[in-house]
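Structure record follows, encoded as C-alpha cells.
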Amino acid sequence: MAAAYAALSDDPRVPILLAIILLAAAAGAGVAMSERDAGGILTVMLALLFLVPENYVIKGPLKSVGNPSLMLGLFCLVLWVAARLMGTIRGKQAHPIRWVVWFYLVTGVTAYVTATTRYLTSDESGSVVRSIFPFLAMVGIAMLAVDGLETVERVTTVLRRLVALVAVQATIGILEYSAGLDYHQLAHLPGLTANTEITSGERGGFARVEGAAAHPIEFSVVLAAAAPLALHFALNARNPKERRRFWFMLAAILAAIPLPVSRSGIVGLLVALGVYCVALTPRARINLAVLGVLGLGMFRAAVPGLLGTLKSFFLAGSSDDSITGRTEDYGHIPALMHGHWWFGRGFGTFQPAAYFYLDNQFLMSLLNGGFFAVAALLAIFVVGGGVARGARKRLEDRPARDLGQAIAAAISCLAISALTFDEFSFLQCAFVLFLLVGCAGALWSSAVESSGERSVPKPTARRRSIGRPRRAHATV
C-alpha cells in the first residue's frame, strides 16, 4: 500500500509514512519472530537483490532509497532491533561477529558526524543522506543472520537459496551474451523506474554482461564468491538429484564468470577455490583440477577468443590503460586526506563524478572514514573469515565443517576483490558479504553450543540434531 502511494504521490510526507509503516510492521513481526522467519526474510531480500535490476527503484520521492532489496535490508535492521528488545530472538553473549559489526557501525556513525561538521555542497549533502541507508541495511542483514539463524540447518538453507539465485543470475548473463536478452527491459515491472542508466559496453571486442547487477565487475565478483558454496553443496548433496542440481548451478556460475571480461572475477574465483580446497581430500583436488582443465577447453570452444583476451589483460601489466589510470588516481589521495587521516572527509562525501573513480574499497573507506573505517573494514573480512574457520574446527559433522570453510572462501573472494573495485558502492557485493559474515557467526554459535552440550550433557533438554551423521567426504 505504501509503495503504491509513493508511486502515485510527490507528497514530501510519503517517506515519513513509509518509515512509520516499516517500524510498525517490524514491531509486529518481532512479536512472532523465529529462526524460520529470519531465513524467509533474508531469502526474500536475496530474491529482490538478484532478480530486480539494481538500478530500479519504486516510483516516488524515495529515489535510490526506494530500491526494493535496500528497503528490505532496512526492514531487517528494524526487525532485528524489535525482536531483540522483545526477546523473541536471543543472541549468544559476547559474539565476535556482533562486536565487529558494532565496530563497523560506530565507524560509519563517526564518519557521518564528521561530514556534518564541515561545509558541504548541496550534492555532498544529498550523497551523505543517501549513503547512510545502504550502510544501515548491511548492518541489519548481518545482525539478523547472526542472531536469527539459530541452527546449522537454517544457515545451510539460506546459503543454498543464495547459490540458487546466483545461478539464476548467471543463466541470465549467459542468455544476455548468447541470445541478446535484454533483462533490464524484461524485468521492468509496474511501479518501478530506472534511477540510473547502466551501460555495460564492450571490452576487448566482447559485449559485457551484468544480469541484475549494477556493473559487469559486480556481476563477476558475486558469481565468484558463490562458486565455493555451490561446489560445497554439490560435493555434500543429500541425494543424487540434489547433487546433479548443484553441479548444474556450479557449471552455470563458472561459465558466466568470464563473460563480463573482468579480471576481478577471475582473481576472486582463484582465491575462493584455493581457500576451499584446503577442506578437500587430495583425490578430490586432483579430480577438480582435471574437471577444470576440461571445462576450460569446452568454454574455449564455445566462446572463441574470450579466454585469450582475458589472458592478454593479465599480462599487459603497466601497459594497460585501466591499471595506469587507477594508480595515477591514487596519487591524488594524500592531498584530499590532508587533516582527515583518522576520521576521513565524511561519510558519502567522496563523489567519483566530482573527483575521480576510485576502484579500491579500502581507499574509498579511507577517504570516507579514515584509518578508523579501514580498520573496521579489515575486521569485517578477518573476523568474518576467522569465525567461519573457527566453526569448522568445532563442528564434528563433516558437511557442516566444510560449510564453514566454504563461507571463509567466499569472504576471501570478496576481500581480495575489495582491492580492485569500490565494492560497497554496489548492493549485491555489499549485501552478500554481510550475509556471509552473519552466517559465519550463526554457524559459530551453533558450533559453540553443540560443543558445550557434549562437555556438559543436559538429559532434560532434548534438542534437534544440527547436522547429519558423519560420512566419508564426497569426491568429484
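Computed from the coordinates by the stated procedures, all read-outs in this text should not be read as laboratory data. Since this is a predicted model, take the numbers as computed values, not measurements. Counting neighbours? That spans all protein chains shown, and the Cβs are built from the backbone with ideal geometry, glycine included.
Once both labels are modelled 7 Å past Cα along the beta-carbon direction, what's the Ser125-Ala375 spacing in nm?
Computed distance between label sites Ser125 and Ala375 equals 3.3 nm.
Quick one: 3J(HN,Hα) in Hz for region 155-171, Karplus 6.51/-1.76/1.60 with θ = phi - 60°, rounded, Gly and Pro as x.
So the Karplus estimates, Gly and Pro as x, are 4, 4, 4, 5, 6, 4, 5, 4, 4, 4, 5, 5, 5, 4, 5, 4, 5 Hz.
For Val448 and Leu296 in the same chain, what is the full-extension length gain: residue separation times 0.36 nm, less their Cα-Cα distance, in nm?
Extra length from Val448 to Leu296 when fully extended: 50.6 nm.
Net charge near His338: determine it from the other residues with C-beta under 15 Å of the C-beta of His338, scoring Lys and Arg +1 and Asp and Glu -1.
Value of the local net charge: +2.
Between Ser64 and Glu202, what is the label-to-label distance in nm when each label sits 7 Å out along the Cα-to-Cβ direction?
Simple spin-label model gives 3.1 nm for this pair.
With a Cα-only, solvent-free Debye model of region 136-279, what are the log10 I(q)/I(0) values at q = 0.11, 0.13 Å⁻¹?
Taking Cα atoms of region 136-279 as identical point scatterers yields -0.48, -0.66.
Take the Cα atoms of region 340-402, find their three principal axes, and give me the spread along each one in whole Å, biggest first.
53, 22, 13
Amide H of Arg203: which non-local residues (sequence gap of 5 or more, or other chain) have their own amide H closer than 5 Å, using H built in the peptide plane?
Amide H neighbours of Arg203, under 5 Å, 5+ apart: Arg208.
Would you mind pulling out the separation of the Cα centroids of region 104-169 and region 261-306, in Å?
Cα centroid of region 104-169 versus Cα centroid of region 261-306: 31 Å apart.
If you average 1/r over every pair of different alpha-carbon atoms in region 226-286 and take one over that average, what Kirkwood value in Å do you get?
Here the Kirkwood hydrodynamic radius works out to 12.3 Å.
Quote the FRET efficiency, to the nearest 0.05, computed for Leu189 versus Val382 with a Förster distance R0 of 51 Å and r equal to the Cβ-Cβ distance.
With R0 = 51 Å, the Cβ-Cβ based efficiency is 0.80.
What number comes out for the charge environment of Leu77, summing +1 per Lys or Arg and -1 per Asp or Glu over other residues with Cβ under 14 Å away?
+1
If you plug each phi of region 177-192 into the Karplus form 6.51 cos²θ - 1.76 cosθ + 1.60 with θ = phi - 60°, what whole-Hz ³J(HN,Hα) values come out, in order, with x for Gly and Pro?
6, 8, 10, x, 5, 9, 5, 4, 5, 5, 8, 7, 7, x, x, 10
Can you check what the Kirkwood hydrodynamic radius comes to for region 199-305, Cα pairs only, in Å to one decimal?
14.6 Å
What does the charge add up to near Ala187, with Lys and Arg as +1, Asp and Glu as -1, over the other residues with Cβ less than 13 Å from its Cβ?
Surrounding charge for Ala187 is -4.
Lysines within cross-link reach of Lys311: Cα-Cα under 29 Å, excluding same-chain residues under 8 positions apart?
By straight Cα distance, Lys311 reaches no lysines at all.
Subtract the Cα-Cα distance of Leu419 and Phe314 from 0.36 nm times their separation in residues, and report this length gain in nm to one decimal.
Stretched out fully, the Leu419 to Phe314 stretch lengthens by 36.2 nm.
For region 62-160, take every pair of Cα atoms, bin their distances at 5 Å starting from 0, and report each bin as a whole percent.
2, 11, 18, 20, 20, 13, 8, 5, 3, 1, 0
In units of 2.2 N^0.38 Å, what is the alpha-carbon radius of gyration of region 381-441?
Rg over 2.2 N^0.38 Å, computed on Cα atoms: 1.14.
Given points 7 Å out from each Cα along the Cα-Cβ axis, report the Arg285 to Ala335 separation in nanometres with one decimal.
So the label points at Arg285 and Ala335 sit 4.9 nm apart.
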